[in-house]
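The values are calculated or read from the model by the stated rules, or taken from the named source; none is laboratory data. Bear in mind the structure is a predicted one, so any value in this text is a computation, not a measurement. Methodologically, a virtual Cβ is constructed for each residue, glycine included, from the backbone with ideal geometry; neighbour enumeration extends over all protein chains shown. These area figures cover heavy atoms from the full protein model, side chains too; ligands, DNA and RNA do not enter into them. Shrake-Rupley method; radii C 1.70, N 1.55, O 1.52, S 1.80 Å.
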Amino acid sequence: MEPLNFLKRYPVQLNPKSLTFVDSEGTGVSALNARGLTAHFTPLQNQSTYKADAMGGGNMSFPNTFVLLGFSEFPWLERPLSAVVLVSYLLTLVGNSSIILLSLVDPRLQTPMYFFLDNLSLLDLSVTCAIVPQLLTNLWGTDKTIAAWGCITQAYIFNWTACAECIVLAMMAIDRYVAICRPLQYTLIMRPSVCVQMAAVSWSSGLLNSLLQTTLTLQLPICGHHTLDHFFCEVPVIIKLACGDTSANELALAIGAIPFAGMAPLLVLISYTLIARAVLKLPSAEGRHKALSTCSSHLLVVTLYFGPAIYVYLQPPENHTQAKFMSFFYCVITPVLNPLIYTLRNKDVQTVWKRILQSQGGAKPLDAR
């Protein structure tokens, strides 16, 4: 299309840096701007207004909406996947809420181990409620958009909870180390005030990193398309949309990941190495089995959490599909497995559940019999 004919067809409003075109057909167009440079036009919020920026610079504004591609490349998978997500979502809400409520009502579960487990459940609930409702909306319908405020909220909450959970798992490993290797000093070392301080460090460090990383990302100029090849808004994925220099953001991500993806797993590894050495020195097989059984649930949760996370961040950029499915496991499946693992492998939780079910059924408690 000739520039003159193009300008006759579309109403034009000039400003020093960009041109704005209104297209009644609602389709994207490309043409020549007033200086003869190629301009690309992308839809704004009303789907019929296009903002044009000349190649080599322009006025980049933060978009009002983003498009989450999710699993749209596998349309046949969306329906069955939505069923899995819905069931996992409900089980996550029930399972993690139950653990928190049980530890509040039963004195037997008011110990340091269950205090940290409550924090883990609260983190799982937070990340699930931030991501899964939007994921279900995208899987059920054709509209894959998410409002900018929703995308920003997802980025802040996910970064916060993911980082905090790394530290909480490390604190739980320390708790297990003290319980097995320093049993006589356990109540002195892991007193309530210390546990609260450890939890506060976990939450505050995750919040600080989230505020830093996400805020820095939101300062980047966003241009071109606003499509995220993911099922939720994550800082590394948003950075890919930037058309400016992102080296500072990538450096901040690498440095910020050191305490959470580096030091936290290392602390877990050191704790369990010391635990293994102490257990092997126990004289009886029964004592070794009992000591290991207290750590098995936490060790399994740590593996399910750090395994997929490390795999995702070690993948090259071209393997985005594999990384997306691993993120799905990490965000949707792991939160529902955590309460199941601690419920099925923990006698204290099983005993509390039995007492509650018996009291609801009108049966006498076991001790009364």
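Selection of first residues in region 128-150 that are assigned to a helix (DSSP H, G or I) and of second residues that are open to solvent by 30 Å² or more (accessible area, probe 1.4 Å) and among the basic types (Lys, Arg), restricted to Cβ pairs under 8 Å at least 6 apart or on distinct chains, gives the following pairs, ordered by first then second residue: Asn138/Lys144; Leu139/Arg79. Flag: Gly150 matches the condition of being over 13 Å from the mean Cα position of the chain (by Cα) and buried (at least 16 other Cβ atoms within 10 Å of the Cβ).
Scanning region 270-306 for residues that are surrounded by 15 or more Cβ atoms within 10 Å (Cβ to Cβ), within 24 Å of the chain's Cα centre (by Cα) and free of Cβ contacts under 8 Å to residues at least 24 places away in the same chain yields no hits at all. Selection of region 60-80 for residues being in contact with a helix residue (DSSP H, G or I) (Cβ under 6 Å, 6 or more places away or on another chain), within 27 Å of Phe329 (Cβ to Cβ) and either of a type in the set (A, V, I, L, M, F, W, C) or open to solvent by 50 Å² or more (accessible area, probe 1.4 Å) (or both) yields Phe66, Leu68, Phe71.
Kindly indicate which of Ala164, Ala179, Ala199, Ala148 is at pLDDT 95 or above and either more than 21 Å from Ala254 (Cα to Cα) or touching a Lys or Arg at 6+ places or on another chain (Cβ under 6 Å) (or both).
Details: Ala164 fails: either more than 21 Å from Ala254 (Cα to Cα) or touching a Lys or Arg at 6+ places or on another chain (Cβ under 6 Å) (or both); Ala179 fails: at pLDDT 95 or above; Ala148 fails: at pLDDT 95 or above.
Just a single option satisfies the conditions, and that option is Ala199.
Going by the conditions given, is Val178 open to solvent by less than 60 Å² (accessible area, probe 1.4 Å) and under 24 Å from Gln134 (Cα atoms)? I'd like the intermediate steps shown before the answer.
Working: open to solvent by less than 60 Å² (accessible area, probe 1.4 Å): yes; under 24 Å from Gln134 (Cα atoms): no.
No, not satisfied.
Given the criteria assigned to a helix (DSSP H, G or I), open to solvent by 30 Å² or more (accessible area, probe 1.4 Å) and among the aliphatic types (A, V, I, L, M), does Val196 qualify? Quick ask: steps written out before the conclusion?
Numbers: assigned to a helix (DSSP H, G or I): yes; open to solvent by 30 Å² or more (accessible area, probe 1.4 Å): yes; among the aliphatic types (A, V, I, L, M): yes.
Yes.
Only one entry in Ala248, Ala252 is under 19 Å from the mean Cα position of the chain (by Cα), of a type in the set (Gly, Ala, Ser) and at pLDDT 90 or above, namely Ala252. Within region 199-212, restricting attention to residues that are without any contact (Cβ under 8 Å) to a residue 12 or more places away in the chain and open to solvent by less than 90 Å² (accessible area, probe 1.4 Å), the residue that is nearest to Arg288 (Cα to Cα) is Ala200.
Provide a single number: the residues in region 329-351 that are surrounded by 20 or more Cβ atoms within 10 Å (Cβ to Cβ) and either under 12 Å from the mean Cα position of the chain (by Cα) or modelled with pLDDT under 90 (or both). Lay out the reasoning, then the answer.
The initial filter retains those residues of region 329-351 that are surrounded by 20 or more Cβ atoms within 10 Å (Cβ to Cβ), namely 330-332, 334-336, 338-339, 342, 346, 349.
Of the ones still in play, those that are also either under 12 Å from the mean Cα position of the chain (by Cα) or modelled with pLDDT under 90 (or both) are 330-332, 334-335, 338-339, 342, 346, 349.
Residues flagged as surrounded by 20 or more Cβ atoms within 10 Å (Cβ to Cβ) and either under 12 Å from the mean Cα position of the chain (by Cα) or modelled with pLDDT under 90 (or both) within region 329-351 amount to 10.
Of the residues making up region 101-121, just one is under 20 Å from Thr161 (Cα atoms) and open to solvent by 40 Å² or more (accessible area, probe 1.4 Å), namely Phe115. Residues that are more than 18 Å from the chain's Cα centre (by Cα) and surrounded by fewer than 19 Cβ atoms within 10 Å (Cβ to Cβ) within region 223-239 comprise Gly224, His225, Thr227, listed in sequence order. In region 328-351, the residues that are touching a residue at least 60 places away in the same chain (Cβ under 8 Å) form Cβ pairs under 8 Å with partners that are of a type in the set (Lys, Arg), at six or more places apart or across chains, as follows: Asp348/Arg108; Thr351/Arg108. Candidates are the residues of region 58-91 that are among the polar types (S, T, N, Q) and assigned to a loop (DSSP other than H, G, I, E, B); the one that is modelled with the lowest pLDDT is Asn59.
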